[in-house]
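Structure first, commentary second.
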Amino acid sequence: MAHPTLDWIDRELARLSDAGLRRALEPIGPRQGAEVEVRGRRLVNLCSNDYLGLAGDERVMKAAAEAALAEGAGSGASRLVAGDLPIHGRLEIALAGLHRAEAALLFNSGYHANAGVPAVLVGREDAVFSDELNHASIIDGGLLSRADLQRYRHGDAEELSGLLARSTARRKLVITDAVFSMDGDAAPLADLADACQRHGAMLYVDEAHAVGVLGPTGAGLAEQLGLKHRVDVEMGTLGKALGAFGAYVAGQARLRELLLTRARTFVFTTALPPAACGAALRALEIVRTEPARRERLHALIAHMRAGLQARGFDVSRVVSPIFPVVLGSEARALATAAGLRERGFYVRAIRPPTVPRGTSRLRVALTAGHQPAQLDAFLGALDEVLAGLPLSAAG
Ligand code: PMP
């Protein structure tokens, strides 16, 4: 059946294609890991957030299956209706334990948490202060809260302090990624916490890319810097280093009580399925009992950082498995990703609006399962591809 009212979509898609901004799905082989199958070829996988290699770990997958067999394929309803299963409570206790917090509350994804939590903490009479490179879900959450949304320069606690000082808002909420998802660097948490303290602001930290990766027990950046007691809202995800799916907020018990009553992205959605919770519980146990995985990942991070720095890429601030290989134009980033793929490396080009215009890049992500030799081979292939790029893909 014709839908002429949708004809504008053809024009919009053509415009996006012409601008190099059209996105496409690409099915990958049946599991995550250091290698992945794409269109029938095995490639070194450099674009997953499965930093500890747990998404394809047999023990984690088995725990998912066992949880589904014990508690059901689906949770059947919202937690507040008839969906509050035993495994949800068990997982929240384990997550509160990881963060040494009074309590934790599960959300269905990091996107749900960031989209829904700010609106509980602030409203029209209030203000949200957000790092300019914060994840899109934080920006959406800020907008949904209807508070005055102010952005400060990336990592600039001084600018933040000035904004806080001038604000006459009733409540002030500062939100930052712990590790920035497209740059791999860390927020200056101590300085942000100082600014918050001086100006009576709440501090909300998104540990999505830091949980399992940073801190002596893998609890994230706040743990690594000894600042847990100064963070009011610690949000983490289960779908990255923990290899499962879902997210949570850890903090005071009264915060949990208010969130479970008021956060629309908690109240109005079906609870996480038991399989995701079972996988996350087993992954947390592995994070606790196998610190060697984290140590191995950090050795690989040091190896990659040295290799990219030797080639002139500015990665000195990277503290995580995420390396921005900034190439400039969309065309250059796309051509480099294509050349690397021909040579056996799966890396995606990241373009606006995910990153600022003119900073299109490869986002190279490591997992504990990589071998140093694979990283060396990648660096060699990058040299070849960049040397061979036509002028039309320059700059
Ligand atoms: N926060 C950050 C910093 C992220 O990078 C992401 C996802 N890439 C999210 C939140 C969203 O988490 P989820 O994938 O669980 O929705």
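The values are calculated or read from the model by the stated rules, or taken from the named source; none is laboratory data. Computed from a predicted structure; not experimentally measured. As a convention, Cβ positions derive from the backbone with ideal geometry for all residues, glycine included, and neighbour counts pool all protein chains shown. Surface accessibility is based on the protein's heavy atoms, side chains included, excluding ligands, DNA and RNA. Shrake-Rupley method; radii C 1.70, N 1.55, O 1.52, S 1.80 Å.
Results, tabulated for the structure shown:
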| quantity | calculated |
| --- | --- |
| Residue identified as open to solvent by less than 10 Å² (accessible area, probe 1.4 Å) and in contact with a Cys (Cβ under 7 Å, 6 or more places away or on another chain) among His88, His99 | His88 |
| Residue tally, condition surrounded by 22 or more Cβ atoms within 10 Å (Cβ to Cβ) and either out of contact with any Gly (no Cβ under 9 Å at 6 or more places or on another chain) or of a type in the set (Phe, Trp, Tyr) (or both), over region 161-186 | 6 |
| Residue list for region 121-160, filter: in a helix (DSSP H, G or I), more than 19 Å from Leu259 (Cα to Cα) and open to solvent by less than 20 Å² (accessible area, probe 1.4 Å) | Ala157, Leu160 |
| Enumeration of residues in region 236-260 that are farther than 20 Å from Arg294 by Cα, in contact with an Asp or Glu (Cβ under 8 Å, 6 or more places away or on another chain) and within 16 Å of the ligand (Cβ to nearest atom) | Tyr248, Val249, Ala250 |
| Which numbered condition Lys240 misses (of (1) open to solvent by less than 30 Å² (accessible area, probe 1.4 Å); (2) farther than 18 Å from Gly141 by Cα) | (1) |
| Cβ-Cβ under 6 Å pairs, at least 6 apart or on other chains, region 189-213 side within 19 Å of Ala169 (Cα to Cα), far side of a type in the set (Gly, Ala, Ser) | Leu192/Ala157; Ala195/Ala157; Ala195/Ser161; Leu203/Ala193 |
| Single residue of region 187-207 satisfying the filter (assigned to a loop (DSSP other than H, G, I, E, B) and open to solvent by less than 10 Å² (accessible area, probe 1.4 Å)) that is nearest to Gly246 (Cα to Cα) | Glu207 |
| Boolean, Leu225 is in contact (Cβ under 8 Å) with a residue 12 or more places away in the chain, surrounded by 22 or more Cβ atoms within 10 Å (Cβ to Cβ) and touching a helix residue (DSSP H, G or I) at 6+ places or on another chain (Cβ under 6 Å) | no |
| Those residues of region 345-383 which are among the hydroxyl-bearing types (Ser, Thr, Tyr) and either open to solvent by 50 Å² or more (accessible area, probe 1.4 Å) or part of a loop (DSSP other than H, G, I, E, B) (or both), in sequence order | Thr354, Thr359, Thr367 |
| Qualifying positions in region 283-323 - outside any helix (DSSP H, G or I) and either open to solvent by less than 60 Å² (accessible area, probe 1.4 Å) or in the same structural domain as Ala208 (by TED's automatic domain parsing) (or both) | Glu290, Phe313, Val315, Val318, Val319, Ser320, Pro321, Ile322, Phe323 |
| Among the candidates Ala338, Ala333, residue that is of a type in the set (Gly, Ala, Ser) and open to solvent by less than 10 Å² (accessible area, probe 1.4 Å) | Ala333 |
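Here is a yes/no grid of residues against (1) of a type outside the set (S, T, N, Q); (2) open to solvent by 70 Å² or more (accessible area, probe 1.4 Å); (3) under 21 Å from Ala292 (Cα atoms); (4) outside the structural domain of Phe345 (by TED's automatic domain parsing):
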| position | (1), (2), (3), (4) |
| --- | --- |
| Pro27 | yes, yes, no, no |
| Ala34 | yes, no, yes, no |
| Glu37 | yes, yes, no, no |
| Val44 | yes, no, no, no |
| Ala65 | yes, no, no, yes |
| Ser75 | no, no, no, yes |
